[in-house]
Protein chains: 4
Amino acid sequence: MAGSTFGKIFKITTWGESHGNALGVVIDGCPAGLELSEKDIQPFLDRRKPGQSEVTTQRKESDEVEILSGIFEGKTTGTPISMIIKNEDQNSNAYDELKDVYRPGHADITYDAKYGFRDHRGGGRSSGRETVARVCAGAVASKILAQLDIKVNAFTKSIGSVVIPEGEIDFSVNNIVNMPNEEYANKAIELINEKRSEKDSVGGTIECIVDGCPAGLGEPVFDKLDANLAKAVMSIGSVKGVEIGSGFDASTSTGSLNNQEGAGGTLGGISNGKQIKLTAAIKPTPSIAQEQKTTDKNGKDVSIEIHGRHDPVIAPRACVVVESMVAITLVDALLENMNSRIDGIINFYK
Amino acid sequence: MAGSTFGKIFKITTWGESHGNALGVVIDGCPAGLELSEKDIQPFLDRRKPGQSEVTTQRKESDEVEILSGIFEGKTTGTPISMIIKNEDQNSNAYDELKDVYRPGHADITYDAKYGFRDHRGGGRSSGRETVARVCAGAVASKILAQLDIKVNAFTKSIGSVVIPEGEIDFSVNNIVNMPNEEYANKAIELINEKRSEKDSVGGTIECIVDGCPAGLGEPVFDKLDANLAKAVMSIGSVKGVEIGSGFDASTSTGSLNNQEGAGGTLGGISNGKQIKLTAAIKPTPSIAQEQKTTDKNGKDVSIEIHGRHDPVIAPRACVVVESMVAITLVDALLENMNSRIDGIINFYK
Amino acid sequence: MAGSTFGKIFKITTWGESHGNALGVVIDGCPAGLELSEKDIQPFLDRRKPGQSEVTTQRKESDEVEILSGIFEGKTTGTPISMIIKNEDQNSNAYDELKDVYRPGHADITYDAKYGFRDHRGGGRSSGRETVARVCAGAVASKILAQLDIKVNAFTKSIGSVVIPEGEIDFSVNNIVNMPNEEYANKAIELINEKRSEKDSVGGTIECIVDGCPAGLGEPVFDKLDANLAKAVMSIGSVKGVEIGSGFDASTSTGSLNNQEGAGGTLGGISNGKQIKLTAAIKPTPSIAQEQKTTDKNGKDVSIEIHGRHDPVIAPRACVVVESMVAITLVDALLENMNSRIDGIINFYK
Amino acid sequence: MAGSTFGKIFKITTWGESHGNALGVVIDGCPAGLELSEKDIQPFLDRRKPGQSEVTTQRKESDEVEILSGIFEGKTTGTPISMIIKNEDQNSNAYDELKDVYRPGHADITYDAKYGFRDHRGGGRSSGRETVARVCAGAVASKILAQLDIKVNAFTKSIGSVVIPEGEIDFSVNNIVNMPNEEYANKAIELINEKRSEKDSVGGTIECIVDGCPAGLGEPVFDKLDANLAKAVMSIGSVKGVEIGSGFDASTSTGSLNNQEGAGGTLGGISNGKQIKLTAAIKPTPSIAQEQKTTDKNGKDVSIEIHGRHDPVIAPRACVVVESMVAITLVDALLENMNSRIDGIINFYK
């Protein structure tokens, strides 16, 4: 049951449903003395905010965060930081007809199986809207990392079959698909619009790179940095696969070649001080307007068309979510690593 | 630091180094009343045992497990089960020349960075030999799953570019690469021998399927079943990528197609009662006999040839490790799910 | 840092400061299907509400709780329950003069030592006001226990030297000191008024009894039921001692006698199905109006008189806090115990 | 079920039964670089070793510890430290007649209730012998504390009604009851012999003081240092009560007096840099030779005389167990406190 807490030392606990009053997060374990205000959080929220462009859902949410605790005179106090985002444009009625129907590719059927009933409004807790709370925590984690000159950057690497070729990434460009290459971004937007016109959706991949990460982060065996990163990113609803460094290409490579290529910034699951590279596979939006066959709660075969307001592609808005989960995981590893050596402990208490 | 414990309720804690006296695991949280003896564990250990065939390391280890606690009159008592495996054929001297050299693709450099020094004998704690303890716990988890008719099965899906085509899997065949297709197994063995003759190694993929898993396992948001599976499998040293269901193929698919294909047995991170499918990318053995460039602990460039006794391919022996980690994760999810509903709790205590 | 979460399965995370905007709690791990609304929580809050009588602080707080998530159509959904209580009568100015002074018996000096600075307004996070969030969670836990006919009851056993004699407890009586004996309650009120007239305060003890608890709750060795109860209750700021059953009297007793007397409902740390009895020592309110010597943040000796609005005695209002912590601990133990036996697990999944 | 792990960062997991092959502990989270060998552990084990004097059980155990992992070239490596103690003088037959009888004051009845059956030999996991593993971990924790000049010292404060008066403690004296006052020690020994001659046993109290503890240890709200100490000490089977500082005396004191007296080294649950004082109530040995009434597993009333080899008093041998649990709790708090401030983190990674 208790699945809404992430992190061992920098612990975040999120709450809220797609169509409830509000969503939020409590961060317990944020170090004291960090300058922090809503101004640090809002830019992250704006990056995932719906209704931003032609390729995102038209649901309108201002997604304004309010910090309720843990800050005094502009600084974190070391006690829990509670943040809340109110829901505005809920329009639950759109979901009434789906009350007893299981949407394909959604958690409707599994929540009913697990809990005996569910909040059907927009998927309730299982909605992608849940990630708004992760992003609030990610903004705080990123600010901590910034104090140590660690930079996390997630972007759309591919949409459908449109992939930015190696070496053609240009972070100076800026577009609605978060794809750092103008030419491929335009091809991607074309593809998205085509799929939407077909009442369909398309998948993609997100790459996340971390620069400036010190060596030594991650713990042996089970809490390897890459293991925790994999969990962090796979816990995002739309993610179906995660790679570190060469990832699946390693499976067709040889030792002599693979040893030369980057391991992706970790060796034995511990950071080696080089750039960390992670790739996530993002599935196509399961909510599509075309007719689909499914079942209802009585097991009867039915067909539905989903007329909510849905993104034709998830990857662009999910970049900041991946970035947030990576940042949170790194902060946790940074804090834990401070306990690794007796001499470090003695110096600390001197 | 505390990275050697896995699981929330069915908790395993492993210990031991490649060339220490012994390795072992303590399982805390195994239900009482399960018939258990060394006979249940040994077959799993035998599947990962070194020195079994031409394609595995020639290190000779009988890998006999001894259960030291938690069993009374042939049954688990509900208290910690401590299991130990003694190291025999250690031959540490082979590593003396590597004392100050960082082997490419190994944790040597990161353990020095994290801890200030390291047990250099065969990689110490970071050695793949650590997985012997995971397999002991996996055998116990598998026996619990068997009580519920849940079957976990991991096999080699590909070695290098030799991939078993969809639909051509035949579990009746049995071979030294754990590849359920005789023709492709032979191609794979050829490839392995070719690479070894070049003093090189090769990667592969492992597929793990779970049959009979009830719906409802996994927790919302962060402790999704697939997120915990991803961590479990990515924590294996040689794994560089993990996919659930369609995995990276979903990134080039459309909603209409992807909704039809198997989600891999989970929806919203909770099992749906169908077959669970997971794929792991296994890197090529980093220890190869051909000359490689690297650095020593003083940062000096050096070149080495590694003349230990190493597997030319990791995937075949890693299947049982993947299977074990999946089984352990499922047992933990099964136990946690018992607490999901108030009516289930009331019935339990009636 | 991460000290604001309690429980392993029924996990509560509290947040908020004495003079912040609000306080709250997130419960993660509450079973689905429990009928729950603010009406279930408010009576518990009312029992600890300030400004109720002559013997409590005159701070006025309506302490109205709002549930923000985790409920759908009147029932818990199995997802996090977020509850919030707004602060109203904050009057922080009263604390301005205490900004740099360390109040005797308070956490002012230790928070400064730990975090480098502190929210000085009413003690910030270290204020007893924090317990308002515990009580919200306690109300939910108590409702779960009620489904299993388990009843937790905490009352004032003594105030100063006024102790209810064994066998003279009468739960039918009701008074402002929560002392179930009219005669001793009146003596206690006299004592309290006397101490207040001397600008002083007085301590007391709270006894908590649990009826209807099934046998088998608690885990061997470290997570014994009494160990977790001791932590739960000792974590309340004003508690300086905890006893289970005969407690300190056992230290002057003999085996022959002590074996006969109640062990307090646990044997080997596991409930035996009999009444559980716990006693907590509550210190006198440290904030008193008479002049006291202390130091300021520069280590200078100063003397202060504290003119906030403080209870002359803590025990009466703390009863519901002790009761809440005991209820939360029991629910956690109930849930964990469901995983104790393989036959119970098999039956559950049949 | 998982109750055999203690600590969040410095995590210990113990295993083993009174009459099994062996007992042991795995410490995960011990910092690297600490010089450690069996020589550091053995003196602690010798302090709790049975068969030492007239006032302890005559069971003969050499209690020699062997370290199986986590040490390389005399120093901790930062990976799990596995320690094992073999059982020798088991003499299980003495317990055959108790197979179906529930010994008064023991966990026999509750283990049967929880698990459906039990290892009846000497109480199995619930035996006080379990503490041998805690003491191994305590020795390591104490060595870490010694690096920071923190000293933990537990001693017998009273046996039965024989209490060392305030101010008459003399740590220079040494005796078989660990009572730092020769005159009262002799009175205590007299009392013990008297009770044993009556086939009875007697209780006592243990005081534990910590000197040199820095300010700032402990976390707000639930993980207060005193809350964790209370759990740590109450988890020892024979402990029925725990006090911090003035403890239960605070309940009869006034704010003006209690603010002056020592709070016991913590304020708001966080250490204040002064001496920490904790007192534990130890029950009389429940195993006594005189006839007692009890029930058997069929609920039938029976009477038994327990002719094992039992201590007539527990307190003297339990001192080192209390000391160990306090040391382990302090190390965990020390490590966690390193993460409290952003400036400390920045300095650490500079």
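The values are calculated or read from the model by the stated rules, or taken from the named source; none is laboratory data. Fair warning: this is a prediction, and the values are worked out from it, not measured in the lab. No Cβ is skipped: glycine too gets one built from the backbone with ideal geometry, and neighbour counts run over all protein chains shown. Only protein heavy atoms, including side chains, enter the accessible area calculation; ligands, DNA and RNA are left aside. Shrake-Rupley method; radii C 1.70, N 1.55, O 1.52, S 1.80 Å.
Which shape class, rounded, prolate or oblate, goes with the range B:111-239 when its Cα gyration tensor gives a ≥ b ≥ c as root eigenvalues, a/c under 1.5 marks rounded, and past that a/b bigger than b/c marks prolate? Mind showing how you got there, number by number?
Working: a/c = 1.98, a/b = 1.03, b/c = 1.93.
Oblate is the answer for the range B:111-239, as a/c is 1.5 or above yet b/c matches or exceeds a/b.
Going through the cross-link list B:75/C:224; D:11/D:293; C:11/D:350; C:231/D:114; A:8/D:297, which pairs have a Cα-Cα distance over 32 Å in this structure?
Numbers: B:75/C:224 23 Å; D:11/D:293 41 Å; C:11/D:350 36 Å; C:231/D:114 22 Å; A:8/D:297 43 Å.
Pairs exceeding 32 Å: D:11/D:293; C:11/D:350; A:8/D:297.
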Open item on the list: Need one value for D:16-25: mean number of C-beta atoms belonging to other chains within 10 Å of its residues' C-beta atoms.
Closed with: 5
- [ ] Take the Cα atoms of the range A:227-280, find their three principal axes, and give me the spread along each one in whole Å, biggest first.
- [x] 36, 25, 15
Open item on the list: 7 Å along Cα→Cβ for the label point: how many nanometres lie between residue A:92 and each equivalent label in the other copies, listed shortest first?
Closed with: 3.5, 6.0, 6.6
Task: Point-to-point label distance, residue D:257-residue B:194, nm (Cα→Cβ direction, 7 Å offset) - done: 9.0
Open item on the list: For the full complex of protein chains and a 1.4 angstrom probe, list D:61, D:88, A:73 by accessible area with the highest value first.
Closed with: A:73, D:88, D:61
Task: Residue-by-residue Karplus 3J(HN,Hα) for the range D:291-296, coefficients 6.51, -1.76, 1.60, Hz, glycine and proline x - done: 5, 10, 8, 7, 10, 9
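Compute the projected area of the convex hull of the Cα atoms of the range D:249-338, averaged over all viewing directions, and report it in nm² to one decimal place. All intermediate terms of the calculation are to be shown ahead of the outcome.
Values: hull surface 42.1 nm².
The number I arrive at for the range D:249-338 is 10.5 nm².
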TODO: Work out the mean other chain Cβ neighbour count within 10 Å for the residues of C:29-37 and drop it here as an integer.
DONE: 6
Task: Dipole magnitude of the range C:204-339 about its Cα centre (Cβ charges: Lys, Arg +1; Asp, Glu -1), debye to nearest 20 - done: 300
Open item on the list: If I take the Cα coordinates of the protein assembly as shown and project them onto the principal axes, what are the three extents in Å, biggest first?
Closed with: 84, 66, 62
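Below 8 Å, C-alpha to C-alpha, sequence gap of six or more: please give me the relative contact order for the range B:30-113 in percent. The partial results should precede the final answer.
Values: 94 pairs, mean separation 23.9, N = 84.
28 percent.
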TODO: Give the long-range amide H neighbours of residue B:35: residues separated by 5 or more places, or on another chain, with amide H under 5 Å away, using H modelled in the peptide plane at 1.01 Å from N.
DONE: B:76
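What average count of beta carbons from other chains do you get within 10 Å of the Cβ of residues in C:116-122? Show your work: numbers first, answer last.
On the way: counts 11, 8, 5, 9, 1, 1, 0.
What the average comes to for C:116-122 is 5.
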Task: For a label point 7 Å along the Cα-to-beta-carbon line of residue A:346, residues of the range D:9-48 with backbone N under 11 Å - done: D:33-35
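Which shape class, rounded, prolate or oblate, goes with the range D:117-192 when its Cα gyration tensor gives a ≥ b ≥ c as root eigenvalues, a/c under 1.5 marks rounded, and past that a/b bigger than b/c marks prolate? Let's see the in-between values first.
Working: a/c = 3.32, a/b = 1.23, b/c = 2.71.
Oblate, because a/c is 1.5 or more while a/b does not exceed b/c.
Can you compute the helix-only [θ] at 222 nm over the protein assembly as shown? Use -39500 (n - 2.57) per DSSP H run of at least 4 residues, normalise by all residues, nearest 500 deg cm²/dmol. Intermediate values should be presented prior to the final figure.
Numbers: 32 runs with 394 residues, N = 1400.
About -9000 deg cm²/dmol.
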- [ ] Would you please give the FRET efficiency between residue D:172 and residue C:301, computed as 1/(1 + (r/R0)^6) with r the Cβ-Cβ distance and R0 = 30 Å, to the nearest 0.05?
- [x] 0.30
TODO: Could I get the Rg over Rh figure for the range B:208-254? Both from C-alpha atoms, Rh via Kirkwood, rounded to two places.
DONE: 0.99
TODO: Report relative contact order for chain B in percent, whole number only (criteria: Cα-Cα under 8 Å, sequence separation at least 6).
DONE: 21
Task: Virtual paramagnetic centre 7 Å along Cα→Cβ of residue D:91, amide N under 17 Å, in the range D:267-300 - done: D:287-290
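Give me the net charge for the shell around residue C:204: Cβ to Cβ below 10 angstrom, other residues only, Lys and Arg +1, Asp and Glu -1.
Taking every other residue near residue C:204 into account, the sum is +2.
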Task: Dipole in debye (nearest 20) - the protein assembly as shown, about Cα centre, beta carbon charges: Lys, Arg +1; Asp, Glu -1 - done: 0
TODO: Return the single residue from A:92, A:253, A:271 with maximal mean-square fluctuation; model: Gaussian network over chain A, springs between Cα atoms under 10 Å.
DONE: A:253
Task: Counted charge near residue D:180, where neighbours are those whose Cβ lies closer than 12 Å (Asp, Glu -1; Lys, Arg +1) - done: -4
Task: Teacher prompt: residue C:211 distances to equivalent labels in other copies, 7 Å Cα→Cβ, nm - done: 5.1, 5.5, 6.9
Open item on the list: How charged is the neighbourhood of residue B:349? Take every other residue with its Cβ under 14 Å from the Cβ of residue B:349, and add Lys/Arg as +1 and Asp/Glu as -1.
Closed with: +1
- [ ] Could you pull the copy-to-copy label distances for residue D:257, with points set 7 Å along Cα to Cβ, in nm to one decimal and sorted shortest first?
- [x] 2.6, 8.3, 8.3
Task: Centroid-to-centroid separation of the range B:259-333 and the range C:256-286 [C-alpha atoms, Å] - done: 51
Task: Closest approach to the axis - chain B beta-carbon, rotation onto C, Å - done: B:338, 2
Task: Simple label model, 7 Å out from Cα along Cβ direction - residue A:38 to residue A:211, nm - done: 3.3
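Per residue Cα convex hull volume for chain C, in cubic angstrom? Mind showing how you got there, number by number?
Details: hull volume 53.7 nm³, N = 350.
Roughly 153 Å³ of hull volume per residue.
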